[in-house]
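Down below is the structure, laid out as structure tokens.
Every number in this text was worked out from the coordinates using simple rules, so none of it is lab data. All values derive from a computational prediction rather than experimental measurement. Don't worry about glycine lacking a Cβ; one is built from the backbone with ideal geometry, like all the others, and counts go over all protein chains shown.
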Amino acid sequence: MSKYKIKLKRERCINCQACEVLCKSKNKVPAGVQLNWIFAEGPVDQEGLPRLKLKYQPCFQCKDPYCQPVCPTGAIVRREKDGLVYIREDLCTGCKACIEACPWHVPVFNELTGKAMKCDLCMDRIDQGLKPMCVTGCVAHALELVETKEKGKAGPAA
């Protein structure tokens, strides 16, 4: 499991989707493709008031990622120092095996480059001591980069 995860403070989120827009801009993600999502369900009744049920989904940075072992070229790498999982674009052939393997549909296909791409929690920004772009740009301060504790299983951290 990665040393990091992004946590959504649901009570603060206003579903503005700034996290999605900033991610797309920073990572040069083409139209029709996303590396992170805000899912909204509702409105639902909550104590007599209409509310949206919100969920934020970046890459979960699984301890045992489904995407990594199916990559025939070894393009999907887990970084030793902090467990971040990323795609080496120079090794990716665009076979889409990682896309099919991920139960959360995190890796996506970039038609412009012919290669897979995925959220890496803005690994380049973390290396500079910064937070991921989605966290930094969240206007409601609803996203938080937190350090995880080893849980021993793949998938979303609770």
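So here's what we get for this one:
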| quantity | calculated |
| --- | --- |
| Added length on full extension, which subtracts the Cα-Cα distance from 0.36 nm per residue, ARG88 to LYS53 | 9.1 nm |
| For CYS59, distant residues with modelled amide H under 5 Å away | CYS119, LEU121 |
| Amide H partners (placed H, <5 Å) of ILE76, local residues excluded | ARG88 |
| Filtered GluC sites (Glu not before Pro), the range 1-44: DSSP coil and at most 12 other beta carbons within 10 Å | GLU11 |
| The chain - mean residue ellipticity at 222 nm from DSSP helices (-39,500 (n - 2.57) per run, n ≥ 4, rounded to 500) | -4000 deg cm²/dmol |
| Residue pairs, from the table LYS53/LYS149; LYS3/LYS28; LYS63/LYS149, whose Cα atoms sit over 18 Å apart | LYS53/LYS149; LYS3/LYS28 |
| Loop-located GluC sites (Glu not before Pro) in the range 89-141 whose Cβ has at most 14 other Cβ within 10 Å (DSSP) | GLU89, GLU111 |
| The range 4-147: proportion of alpha-carbon pairs further apart than 20 angstrom, % | 49 percent |
| Candidates ILE87, ILE126, ILE76, ranked by Gaussian network fluctuation over the chain, Cα under 10 Å, top entry | ILE126 |
| Sites matching trypsin sites (Lys or Arg not before Pro) across the range 68-146 that sit in DSSP coil, with at most 11 neighbouring C-beta atoms within 10 Å | LYS81 |
| In order through the range 63-75: 3J(HN,Hα) via Karplus (6.51 cos²θ - 1.76 cosθ + 1.60), integer Hz, x for Gly, Pro | 5, 10, x, 5, 6, 5, x, 8, 6, x, 10, x, 6 |
| Rounded to 10°, Cα long-axis angle of helix 18-27 versus longest principal axis of the chain | 20 degrees |
| Dipole of the range 30-99, positive end: most advanced residue of ALA31, GLY48, PRO65 [Cβ charges, Cα centre] | PRO65 |
| Assigned charges on the beta-carbon of Lys, Arg, Asp, Glu; the range 43-158 dipole about Cα centre (debye) | 180 debye |
